[in-house]
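**Student:** Quick one: the structure is below, and I'll ask about it shortly.
Every number in this text was worked out from the coordinates using simple rules, so none of it is lab data. Bear in mind the structure is a predicted one, so any value in this text is a computation, not a measurement. We place every Cβ from the backbone using ideal geometry, glycine too, and count neighbours over all the protein chains shown.
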Amino acid sequence: MAKILAVGEIAGGVLRKASRETTSVGKKLGSVSTVLIGSGAAAGAAEVAKHGADTVYVGEIATYNGEAYAKAIADLVKGKGYEVVILPHSWIGRDISSRIATLLNTGVISDATDISMDGDRVKIRKPVYSGKAFVSLIVKASPQVVTIRPNAHPIAESAGAGTVENITVDAGASKAKQVKFEAKSGSRVSLTEADIVVSGGRGIKGPENFPLIEQLADILGAGVGATRAVVDAGWCDHTLQIGQTGQTVSPKLYIAVGISGAIQHMAGMGSSKYIVAINKDADAPIFKVSTYGIVDDLFNVLPPLKEELKAALGK
Amino acid sequence: MNTLVLIKQVPDTEAKINVAAGKISEAGIKWTISPYDEIALEEAIRMKEKSGGTVTALAVGDDSVQNALRSAFAMGADNAIHVKVDGYQMLDSFGIAKAIASAIEGADYKVILAGRQGSDSDNGQVPLILATLKGWGCVSFAKKVEVSGDKAVIECEADGGEAVYESSLPVVITANAGLNEPRYPSLKGIMASKKKPIDSKPVDIGAETKIEVLGFEPPPARPAGRTIDGADAAAKAKELVKSLREEIKAI
């Protein structure tokens, strides 16, 4: 059975969903232990144990540092003989996965939407060319380092021992250091973790109408996204951009409002389980990938849709 | 100060991608510099215009990637290095980064810029692997870069917010959207680009390959969708909520 190290994420003592995903995937593929590095990291140990973690390595550090995180994890893999390292394809996972692989003189595969064992190799499937093709591949060197697309893999319960071991994370020798950080605070669920995402495109016509998207999202407890056109026009914050030059999301339900469905946008939301499109142009490409499509003016659809949702959800 | 820009030649984002027998068919594909790499190149040219030095563009691949290097000349690069590898594989980041490290051995670049990810693989691995191989700092997703003296100050998108990093030099920096708006090449630049010499360096990366590609396939077809019909918008909204709740149980 493959010996797997799942990399989790924790900040301010709050465990992120990504930690449950990497641990669950690790448990499915072999025996799993989890490493949590961040502020208040110890607080997450019991939680990841519920998803099968035998040992939980805990590294306390106040400020994120990619070089230090990567060195601590690579040392752990070498010292304990892990065969596979699974990270989330999050901001942190992107920043440290390639560094970890290089320190271990091995290869890395990013952003797996499917993952399975094939003998002693982890077989990965992932989209390439903006989702216009998929590729299957393996790391043929050892150990194997992979990142998995957030929200695209099931979380499973499975009791693990959860034995806590402390590790040292030291940023003293790092070449690049974070000297300032400003949180982009938002009350809404983060886009990459959200089960439902409501997203607005050029069809909303102007910044004064973006609240329509936000109101719909708030009724559903959803994340809020936008297309590049909306972001470039300054109608909402750039962090909300979904697509090739923005974030990739993989929610259970994606509601595209006034979005035509350019290939660059589809690259960021094509792996959503269900897609709803509301657009008055019946020829919009978004309808080709939609589970449900409403061909109508969004300004006529959204008001009754909000009322119907409120009634259905008891809000 | 001399700057190196890593550029990748990729299919145009609008290109149709055909898969046949587990491989990508390259027939009819229009190739271009990956969009984020254009932003990296623009940044390097602006740094040169402000503080002097040279801009060197580097591309890895077969002879066809010289087209991307000519485009970099047209935008304003001074020098171009073609790291020539046979059997180039766009997903083999470790081999590519090793080849780049070998090609720039002994050169004195203080800043290495690259796009945050190639628009073909969307991996974003090569800059980080190169920095780690060389023991340099690497700051990803930059939206503002200032180099002064022996350090770089980089504002970037970070986990859950925005951060400022300081790094010693050399440093590898990856460009995010919003760092700048790349210029169009001038006619003079395009004419001059045809005559500039490209430094071609053959590198054998066969032994450094860490990834095995099992095969490509077309994207899985999505299950057929349904148009929600109704007398008016309100009726359609009602039917949609019913379907979301009862059919797919998504809310």
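**Student:** By DSSP, what percent of the beta bridges with both residues in the protein assembly as shown are antiparallel, rounded to the nearest 5?
**Tutor:** Of all bridge pairs located within the protein assembly as shown, approximately 35 percent are antiparallel.
**Student:** Here's a follow-up. Suppose a student asked you for the relative contact order of the range A:2-167, using Cα pairs under 8 Å spaced at least 6 residues apart; what percent would you report?
**Tutor:** In percent, rounded to a whole number, it is 28.
**Student:** Cross-link candidates for A:Lys288: which aspartates and glutamates have Cα within less than 19 Å, leaving aside residues fewer than 8 places away along the same chain?
**Tutor:** The reachable aspartates and glutamates, counting only those whose Cα sits under 19 Å from A:Lys288, are A:Asp296, A:Asp297, B:Glu14, B:Asp229.
**Student:** Hey, another quick one. Ranked by Cβ crowding within 10 angstrom, fewest neighbours first, how are A:Thr55, A:Thr163, A:Thr239 ordered?
**Tutor:** A:Thr163, A:Thr239, A:Thr55
**Student:** Angle, helix A:17-29 long axis vs. longest principal axis of chain A, Cα atoms, 0 to 90°, nearest 10?
**Tutor:** 60
**Student:** Something else now. If you project the alpha carbons of chain A onto their three principal axes, what span does each projection cover, largest first, in Å?
**Tutor:** The principal-axis extents, from largest down, are 61, 40, 40 Å.
**Student:** Taking every pair of distinct Cα atoms and averaging 1/r, then inverting, what Kirkwood hydrodynamic radius in Å comes out for the range A:2-167?
**Tutor:** So the Kirkwood estimate lands at 15.3 Å.
**Student:** Still on this model: To the nearest Å, what is the center-to-center distance of the range B:181-242 and the range A:256-313, using C-alpha atoms only?
**Tutor:** 22
**Student:** Moving on. Using +1 at the Cβ of each Lys and Arg and -1 at the Cβ of each Asp and Glu in the range A:142-211, identify which of A:Val146, A:Gly200, A:Asn166 lies farthest towards the dipole's positive end.
**Tutor:** Among A:Val146, A:Gly200, A:Asn166, the one farthest towards the positive end of the dipole of the range A:142-211 is A:Gly200.
**Student:** Under 17 Å between alpha carbons, and skipping anything fewer than 8 positions from B:Lys8 in its own chain: which aspartates and glutamates qualify?
**Tutor:** Correct list for B:Lys8: B:Glu26, B:Asp37, B:Glu38, B:Glu42, B:Glu43, B:Asp62, B:Asp63, B:Asp86, B:Asp92, B:Asp120, B:Asp122, B:Asp199.
**Student:** So how tilted is helix A:66-80 from the main axis of chain A? Cα-based, degrees 0 to 90, rounded to 10.
**Tutor:** 50
**Student:** How many Cβ atoms of partner chains, on average, are near each residue of A:295-306 if near means within 10 Å of its Cβ?
**Tutor:** 4
**Student:** If you don't mind, another one. Taking amide hydrogens as modeled 1.01 Å from N in the peptide plane, which residues meet the under 5 Å criterion relative to A:Glu9, leaving out close sequence neighbours?
**Tutor:** So A:Glu9 has HN proximity to A:Arg16, A:Ser19.
**Student:** Of the beta bridges DSSP finds with both residues in chain A, what % are antiparallel, to the nearest 5?
**Tutor:** 20
**Student:** How far is the Cα center of the range A:188-210 from the Cα center of the range B:19-50, in Å?
**Tutor:** First find each Cα centre; the distance between them is then 29 Å.
**Student:** For a quick check, take a GNM of chain B with Cα springs below 10 Å and name the residue from B:Glu166, B:Glu239, B:Glu146 with the largest mean-square fluctuation.
**Tutor:** B:Glu239
**Student:** By DSSP, what percent of the beta bridges with both residues in the range B:82-217 are antiparallel, rounded to the nearest 5?
**Tutor:** 55
**Student:** How many Cβ atoms of partner chains, on average, are near each residue of A:285-294 if near means within 10 Å of its Cβ?
**Tutor:** Going residue by residue through A:285-294 and averaging, the value is 5.
**Student:** Now a separate question. Principal axis lengths of the range B:3-208 from Cα atoms, whole Å, largest first?
**Tutor:** 50, 39, 34
**Student:** With n ≥ 4 as the cut-off for DSSP H runs, can you work out [θ] at 222 nm for the protein assembly as shown, using -39500 (n - 2.57) per run divided by the number of residues, rounded to the nearest 500?
**Tutor:** Per the formula, -8000 deg cm²/dmol.
**Student:** Then there's this: What percent do you get for the relative contact order of chain A when only Cα pairs under 8 Å and 6+ apart count?
**Tutor:** It comes to 14 percent, rounded to a whole number.
**Student:** Kindly provide the pair-distance distribution of the range B:1-106 built from C-alpha pairs, with 10 Å bins from 0 and whole-percent values in order of increasing distance.
**Tutor:** 14, 43, 32, 9, 2, 0
**Student:** Tilt of helix A:298-313 relative to the longest C-alpha principal axis of chain A, in degrees (0 to 90, nearest 10)?
**Tutor:** For A:298-313 against chain A, the angle is about 60 degrees.
**Student:** Right, next: State the dimensionless ratio Rg/Rh of the protein assembly as shown (Rg: radius of gyration of Cα atoms; Rh: Kirkwood radius).
**Tutor:** On the Cα set of the protein assembly as shown, Rg over Rh gives 0.97.
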